[in-house]
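To keep things clear, I will list the structure first and then write my remarks on it.
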Amino acid sequence: MAFLKKMLLNSASVSRLDDFVEQLIDKTPKVGKWGVKTSHAIHKKVLKEDAGVRKIADFLHGIWLGHPLHPVFTDITIGALIIGAIFDVKGEIEDSEKYKWAGGRLQEIGTIAALPTAVSGLTDFSTVPKPAAKTASLHGLLNIAGVALNTASIIQRRKGKGGRSLSVAALGVTAVSALMGGMLVYKHKVGTDHSQKISKLNEWTPVLDADELPVESSKKVDIKGKGVLLYHGDERVFAVGSVCSHAGGPLENGEIKDECVTCPWHDSVFNLKDGRIMHGPATRPQPNYQTRIYEGKIEVRLPQNGTKT
């Protein structure tokens with residue numbers, strides 16, 4: 001109570017709500033440590049299992065969608081709970097069983113939708129960047145609390161004992177959790193594209209002496225301040241962005257096997273031929289470039305219309 005009182009007194013000097021929430025998050029260092037350990041354990045488990053398990057993880061990450069799948073489910077969950085609360089309030093004001101019934105059904109839909117929301121969220125949590133682990137952990141814990149309150153509310157409603165106060169409490173917890181979800185995206189850039197694409201590189205540009213890149217070797221070069229990973233395959237040189245699209249990991253430090261590179265941070269796998277994703281958690285491909293060897297130099301340019309990389 002003393003901690004909450006102190007934070008509330010200090011909130012007058014906080015200009016934004018998310019700043020206040022950030023202060024609360026900073027007061028929970030153990031949650032961050034627990035979150036990192038838990039996420040690492042889940043990720044290692046996925047990597048150790050057979051290929052089918054990782055394909056499921058790739059689906060839940062949203063590789064096929066082009067962005068994380070988790071926000072799609074959160075829209076369903078939160079939308080159903082908010083509209084359900086509106087029906088509940090209208091039902092109480094007008095003493096309408098019809099509106100109360102609709103509010104109860106929508107709450108059930110939102111609670112059921114929380115299951116795939118949680119599974120997809122847990123999959124993303126398994127590879128959450130360390131700086132965001134504390135916020136992500138609290139986000140998950142609050143969601144669990146919200147589901148528990150909604151479940152208790154549903155049970156009470158079915159017994160004819162009201163339960164609407166529990167659903168109101170659940171909605172409040174979910175709102176704080178949603179705020180943290182927004183902070184994960186807009187502050188910590190979780191789920192956004194971290195890759196660096198070079199623009200206006202339409203002309204062949206020499207970047208390295210060819211003899212500095214033997215067959216089956218790789219090297220990072222800088223072009224216009226952006227990193228590019230070069231790899232000399234059996235037949236030709238490949239070039240992709242060196243900054244991992246998932247969280248900005250250095251691909252030049254990753255393992256290269258079968259003309260694919262694995263990010264050393266969270267194990268996203270990209271095909272060096274064209275930058276496409278072979279395995280998540282990345283949901284955006286790497287920028288890729290055309291290459292050629294001309295007069296002893298490796299030259300690079302953006303893919304041109306009608307040409308293959």
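The values are calculated or read from the model by the stated rules, or taken from the named source; none is laboratory data. Given the structure is predicted, the values throughout are model-derived calculations rather than measurements. Don't worry about glycine lacking a Cβ; one is built from the backbone with ideal geometry, like all the others, and counts go over all protein chains shown.
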Within the group 177, 167, 195, which residue is among the polar types (S, T, N, Q) and at pLDDT 95 or above? 195
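Take region 28-77 and flag every residue that is of a type in the set (Asp, Glu) and either in a helix (DSSP H, G or I) or under 13 Å from the mean Cα position of the chain (by Cα) (or both). So that I can check it myself, show each step before the final result.
From region 28-77, those of a type in the set (Asp, Glu) are 49-50, 58, 75; that's our starting set.
Those that are of a type in the set (Asp, Glu) and either in a helix (DSSP H, G or I) or under 13 Å from the mean Cα position of the chain (by Cα) (or both): 58, 75.
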Among 291, 283, which is closer than 21 Å to residue 210 by Cα, at pLDDT 95 or above and β-branched (Val, Ile, Thr)? 291
Matching residues in region 174-192 (among the charged types (D, E, K, R) and under 16 Å from residue 117 (Cα atoms)) number 0
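Among the residues of region 168-191 satisfying the criterion of being in a loop (DSSP other than H, G, I, E, B) and surrounded by fewer than 16 Cβ atoms within 10 Å (Cβ to Cβ), which is farthest from the chain's Cα centre (by Cα)?
Kept after step one, since they are in a loop (DSSP other than H, G, I, E, B), are these residues of region 168-191: 187-191.
Of the ones still in play, those that are also surrounded by fewer than 16 Cβ atoms within 10 Å (Cβ to Cβ) are 187, 189.
Details: 187: 12, 189: 8 Å.
Within region 168-191, the match that is farthest from the chain's Cα centre (by Cα) is 187.
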Which fully enclosed strands (runs of 3 or more DSSP E) of region 253-309 have 2 or more residues being in contact (Cβ under 8 Å) with a residue 12 or more places away in the chain, surrounded by fewer than 21 Cβ atoms within 10 Å (Cβ to Cβ) and out of contact with any Phe, Trp or Tyr (no Cβ under 7 Å at 6 or more places or on another chain)? 288-294
Among (1) in contact (Cβ under 8 Å) with a residue 40 or more places away in the chain; (2) of a type in the set (Lys, Arg); (3) in a strand (DSSP E or B), which single condition is residue 219 missing? (1)
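Only one of these is over 16 Å from residue 166 (Cβ atoms), within 27 Å of the chain's Cα centre (by Cα) and of a type in the set (D, E, K, R): 134, 90, 98. Name it.
Numbers: 90 fails: within 27 Å of the chain's Cα centre (by Cα); 98 fails: within 27 Å of the chain's Cα centre (by Cα).
Answer to the selection: 134.
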Picked from region 127-167 (must be among the hydroxyl-bearing types (Ser, Thr, Tyr) and either touching a residue at least 40 places away in the same chain (Cβ under 8 Å) or not assigned by TED's automatic domain parsing to the domain that holds residue 97 (or both)), the residue surrounded by the most Cβ atoms within 10 Å (Cβ to Cβ) is 167
If I filter region 12-40 down to residues being at pLDDT 70 or above and among the charged types (D, E, K, R), which single residue comes out as surrounded by the most Cβ atoms within 10 Å (Cβ to Cβ)? 22
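Within region 193-201, identify whether any single residue is assigned to a strand (DSSP E or B), basic (Lys, Arg) and closer than 25 Å to residue 268 by Cα, and answer yes or no. Break it down stepwise before answering.
So the first thing to find is which residues in region 193-201 are assigned to a strand (DSSP E or B), and the list is none.
Looking through region 193-201, none of the residues is assigned to a strand (DSSP E or B), basic (Lys, Arg) and closer than 25 Å to residue 268 by Cα.
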Region 36-81 - residue that is in contact with a Leu (Cβ under 8 Å, 6 or more places away or on another chain) and small (Gly, Ala, Ser) and, of those, nearest to residue 113 (Cα to Cα): 80
Which residues, taken from region 40-64, are in contact with a Phe, Trp or Tyr (Cβ under 9 Å, 6 or more places away or on another chain) and either free of Cβ contacts under 8 Å to residues at least 60 places away in the same chain or of a type in the set (A, V, I, L, M) (or both)? 42
